[in-house]
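The values are calculated or read from the model by the stated rules, or taken from the named source; none is laboratory data. Computed from a prediction, not measured in an experiment: that's the story for all the values here. FYI the Cβ positions are ideal-geometry reconstructions off the backbone, even for glycines, and counts take in every protein chain you see. What goes into the accessible areas is simple: the full protein's heavy atoms, side chains included, and nothing from ligands, DNA or RNA. Shrake-Rupley method; radii C 1.70, N 1.55, O 1.52, S 1.80 Å.
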Amino acid sequence: MTPETVVTIGRQALELTLIVSAPLLLVALLVGLVVSFFQAITQLNEQTLSFLPKLVAVAATLVVVGPWMITTLVDYLQRTLIGIPQMVSGG
């Protein structure tokens, strides 16, 4: 196994992590911005107010996007495990 192969596998894993986590992070960011905007308008500065909407939004997003996330991760794992003999033999 060459260093280039290891770097490629690591790069693919990082890219996959970013792609899979992006929907959840973006939803949390957007909900946080909306709640912050609401708090600024109403001058209601309660710290716990932003937690529950983010939690509900991320949970709902996970229900919607979860099957895609699992499928993507399983496909990557299968490709990686099937490719191990070729990587080790150098072929």
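Scanning segment 10-30 for residues that are surrounded by 15 or more Cβ atoms within 10 Å (Cβ to Cβ) and farther than 30 Å from Leu81 by Cα gives Val27, Ala28.
Restricting attention to segment 1-17 and to residues that are of a type in the set (Ser, Thr, Tyr) and in a helix (DSSP H, G or I), the residue that is modelled with the highest pLDDT turns out to be Thr17. Apart from one condition, Met69 fits all of (1) surrounded by 13 or more Cβ atoms within 10 Å (Cβ to Cβ); (2) within 17 Å of Gly10 (Cα to Cα); the exception is (2).
Of all residues in segment 72-91, those being touching a helix residue (DSSP H, G or I) at 6+ places or on another chain (Cβ under 8 Å) and open to solvent by 80 Å² or more (accessible area, probe 1.4 Å) number 1. In segment 39-59, the residue that is farthest from Thr17 (Cα to Cα) out of those that are open to solvent by 80 Å² or more (accessible area, probe 1.4 Å) and assigned to a helix (DSSP H, G or I) is Ile41. So, Val20, is that one assigned to a helix (DSSP H, G or I), aliphatic (A, V, I, L, M) and touching a helix residue (DSSP H, G or I) at 6+ places or on another chain (Cβ under 6 Å) or not? Yes; evaluated as a whole, the condition is true for this residue. Taking the conditions (1) over 19 Å from the mean Cα position of the chain (by Cα); (2) under 25 Å from Ala13 (Cα atoms); (3) open to solvent by 80 Å² or more (accessible area, probe 1.4 Å) in turn, Leu62 satisfies each one other than (1).
Being surrounded by fewer than 12 Cβ atoms within 10 Å (Cβ to Cβ) and assigned to a helix (DSSP H, G or I) is a description that applies to Leu33.
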